[in-house]
Every structure is written in C-alpha cells, then in structure tokens.
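> The structure under discussion is supplied below as structure tokens; questions concerning it will follow.
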Amino acid sequence: MATIVDEKGSPELAAISDNDGLEENAARVIEASVAKTAADKALVFKQDLRIVPLSAGIYLLCYLDRSNIGNAKTLNSNVHHDLLSDTGMTSYQFTIALMVFLVAYAVFEVPSNYFLKKFSPSKWIAFLMFSWGVMTIGLGGAQSYASVTAVRFLLGVFEAGLFPGLVYYLTFWYRTEERSMRVAIILASATLAGAFGGALAYGIGHMDQAGGLSAWRWLFIIEGIPSVLSSVAVFFYLPDYPEIATWLTVEERALAVERLRVEGSHSHSESLTWAQAKSTLTDWRLYAHFAIYFGISVPFSSLSLFTPSITAGLGYANLYAQLMTVSPYAVAYVVTIFVSWSADHYNARGLHTAVSALVGACAFMASALLPPTSYQQRYGCLIVACSGAFACIPPLLGWLSSNVESTAATGLAIALNISFGAPGQITGVWIYTADEAKKGYPTGHWVNAGMLFFVAVGSVALVFYYRMLNHRILRRGAVGGETVEKLYRY
C-alpha cells in the first residue's frame, strides 16, 4: 500500500484513512454480493413456482395417456370387455400396436426441438398436448386392430417431442447446475402418473357398459380430456423466455438474462449450426451415455406397459390388479426424488445411477428366481425393481446435459439420447409374453435384470473415464501453465 500524506502532512493519518476506505469498499462488495445472491435465489424460486409444477403436470398427462393402454388390456378381461376382446386383437397384434408408437416416437423426437424454438415453447407444447389428447380420446372409439395401431402411431408422433422439448426448454430459464433436479421432478411425474393411472383404472373399471361402452373406452376418453383442456392453459400460461416474461419485474428480467449469459439459451440465440451438430454427432463420449440410456429404456418401457399384467399374474384378480399397480409407482416416485436430490447434492450422478440400477437389477433377478406362487415376495420385488429402474433415469439425463460443451447442442444431445433409447423401449414391449404369465414372466425379469446390470457397469466405467480425462486436463494445465479447461462432471 502506498503511503499518502494528508493535508496536514501526517502519513499516519493518511494510512488510517486509506485503510478505512479499503474496508468500506470491501464491505460494499460483500453487501452487493449477498444482495445479488439473495435476489438470484428469489428469482429462481419465483421461476420454479411458475415453470416446474406446470411442466411436471404436462409430462404426467403425457405419460398417463401413453401408458393407459396397458390398463385397457386387462380391464374387465374376466368378462371379456377388455381392449383385446372388443377389438378382436391377439396378444401379438397388441404388441405391434405398442411398437408402432415407439417407432413414431423415435423418428419425431429430434426434429421436434427445432419447431419448439421456431414457434415458441408455449405454442408448440400446447399444440402437442392438444393433439395427443385428441388421439387418446380417439382410442376410445377404436373398433379394430388397424384403428388401434393407426391411432397409436399418431399418438407417438405427437408425444415424441414433449420430454426432449421440456429438457431443452429448461435451458432458457436455468443454469446447468440448476437443471438436473428440475428435470428429475418432471420425469418423476411419470411414476406419479403410473400410480394415478392404476387408481383411475380401478375406479373407471366400475363404469363398464355405462352408456353402452366398455370401461376401457371410458378410460381413454376420461384420461384424454384433461390433456385437451390443459393445452389451452399451457398456451397462455407457460412462459416462453425471460426476456419477454411480463410476470417478472424489469430488474428480475435483467437478472434472469444475465444469469444465463454464459450457461443458457436465449430467445434470440442462433439455431444449431452444422459445426455444432457435427461436433455433437462425432463426440464418441456421448455415445457411451446413449448406450447406457438404451439399457435403462428396456425396463422403463416394459414396466410402463406391463405392470398391470404383472400384478394380474401375482394372484390379484381383475380390478384389484389395477389397484395394486399404485404402490410400486408411488414408492418409486419418492425414491426417484430422493435419489435425484442426493445425486445433485453430492455431485455424483454416475454413482447414483449405478447404485439405483444395481438395486433394480437384483430385484428383477430375485423375482425371476422365486417360485411363481410366491406372490407376496414377488410383489415386494416389483416395488423395489420399479424404484431402482425409475430412480436412475434423472441422474443419468442430468449427467449427460452437464457434460455437453455447447448449450446450443443440448437440445440435440438430449433428443439423440432419447432416440437411442427407442430401440430399448421397443425391446421392452416384447419381453413380457402372455404365454409366460403362469410362470411369472421369467424372461422379462431376466432381460430387465441384465439391462440394469449393464447400466450399472457402464455408469461406473464412464465415471472412471471422466476422472481420467479430468486428471489429464489438470496435469496439462499445471505443466503448461495454460488456463484449465472446463472439467467433466461425474
């Protein structure tokens, strides 16, 4: 510190004055930093109240309308008023109807994010929501295998863009480290939809032949209507971008834009360039994530569609089998939220993915080994299997998005990831066959166990790989004196 002489020529008094000035400046800096942090937290909380519940509700309705065909297959089958009996479909044709949905889902996922940015999130998501709601209601009027298959294909077209779209949408509002938990809450609503779906199917099952319609038709109609009506609310209420959010103050809008200047997307951001797309497509590291997601997609798909069939094979008759699907999904919801919070809190998404997958794999393996008549034990295994399988998905997706170098490429990477999961979901529709019902579906359980073991091993291997890359980056910076590159997260 330089010694400055004051007007009276006293260097001691000048030094004291200088120290006082530094302390005042430091105090002002600290005070401004604390105020900015408080404002930042208040803004994020305000965004959460507007965006997260609405996004989770949208995905809940999407998942409900996607998976209710599994309930329709077994609803009132004891009196032959189920989907297969009324439409004359065989079990094989039912599986084909499930598969065409997934084919459409895989094809239309990637281009959907382009339209989301082109037309704005609120308009595009509302359009998708209205369309899949209409398709779900239309399934209530299906009379044949051909009509069921055609409508399921269109349902896949319109539902395909929602989840990758929501993940991409969050980049307009949240920083990288803030997205994972919010994606988890949105994705966990799928398990909540499974619980609601079972309870609704149980209640709607008592409407059989009301108005001359079988209960499964009422199931599609009643569960499709909320999506159609909610699309209107989404059109007007879902905020598009912080820059034009009238529900934020001028100061809040400025802060929201500034927060995402480096780690976010914007309404005026340029579309994905070919160079960015090429960089994403040729980054083989991402394909390890895609392969792991393929593994988790098999149990995710099979549990989504065949849990009512599995519970029906555990000695629970007719409508009671629908009700017994509630517990596995309800427990899975709680476990998924906890695992996602823990993965973010400890910044260990790879480890949480591996442990959750391992728990689910062991539960599936135990269910396959138990005698078919061990109903209570196998039901307990189903609850644990659902919890493990669903809980490892949010950390896995958060892990991928946190390691994509360009925010412009995040939408492409997420869409590609989910598209790579489509073959896994298609596999999932084939592994629980009707002829194994009395045996306890051993093939399905073994396949799911194997896939989850693959997820666990792949996640651990990828963790070690990222640690090795980070070690190289740090060593290169220490030796060469260069600025350390962004480290990979695991």
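> For region 308-440, divide the Cα radius of gyration by the Kirkwood radius and give the resulting Rg/Rh value with two decimals.
1.04
> May I ask for the net charge around residue 79, where only other residues with Cβ less than 14 Å from the Cβ of residue 79 are counted and Lys, Arg are +1 while Asp, Glu are -1? Provide the component values of the computation, followed by the final result.
On the way: positive: none; negative: 82, 86, 208.
Here the charged neighbours net out to -3.
> Quick one: order 445, 352 by neighbouring beta-carbon count within 10 Å, fewest to most.
Details: 445 28, 352 25.
Fewest to most other Cβ atoms nearby, the residues stand as 352, 445.
> Further, regarding this structure: How are the Cα pair distances of the chain distributed, in percent, across 20 Å bins from 0?
The percentages, shortest bin first, are 22, 51, 20, 5, 2, 0.
> If the cut-off is a Cα-Cα distance under 24 Å, which lysines reach residue 486, setting aside same-chain residues fewer than 8 apart in sequence?
Leaving aside lysines fewer than 8 places away in the same chain, those within reach of residue 486 are 278.
> Still on this structure, please answer the following. Considering the Cα trace of region 435-477, what is its radius of gyration and what is Dmax, both in angstroms?
Using the Cα atoms of region 435-477, the pair Rg, Dmax is 18.8, 62 Å.
> Can you give me the relative contact order of the chain as a percent, contacts being Cα pairs under 8 Å and 6 or more apart?
The normalised contact order for the chain reaches 20 percent.
> Counting helices only, and only those DSSP H runs with n ≥ 4, report the 222 nm mean residue ellipticity of the chain as the sum of -39,500 (n - 2.57) divided by its residues, in deg cm²/dmol to the nearest 500.
It lands at -26000 deg cm²/dmol.
> Here's another thing I want to ask about it. Compute the distribution of all C-alpha to C-alpha distances in region 120-263, in bins of 10 Å from 0, and list the percent of pairs in each, rounded to whole numbers.
All Cα pairs, binned at 10 Å, distribute as 10, 30, 31, 17, 9, 2 percent.
> Also: Of the peptides 89-96, 293-300, how do they stack up when ordered by the mean number of other Cβ atoms within 10 Å, highest first?
Averaged packing, sorted descending, gives the order 293-300, 89-96.
Any read-out appearing in this document is the output of simple, stated calculations on the displayed coordinates, not a laboratory observation. Quick caveat, the model's predicted, so the values are computed rather than measured. Cβ sites come from the backbone with ideal geometry, for glycine too, and all protein chains shown count toward neighbours.
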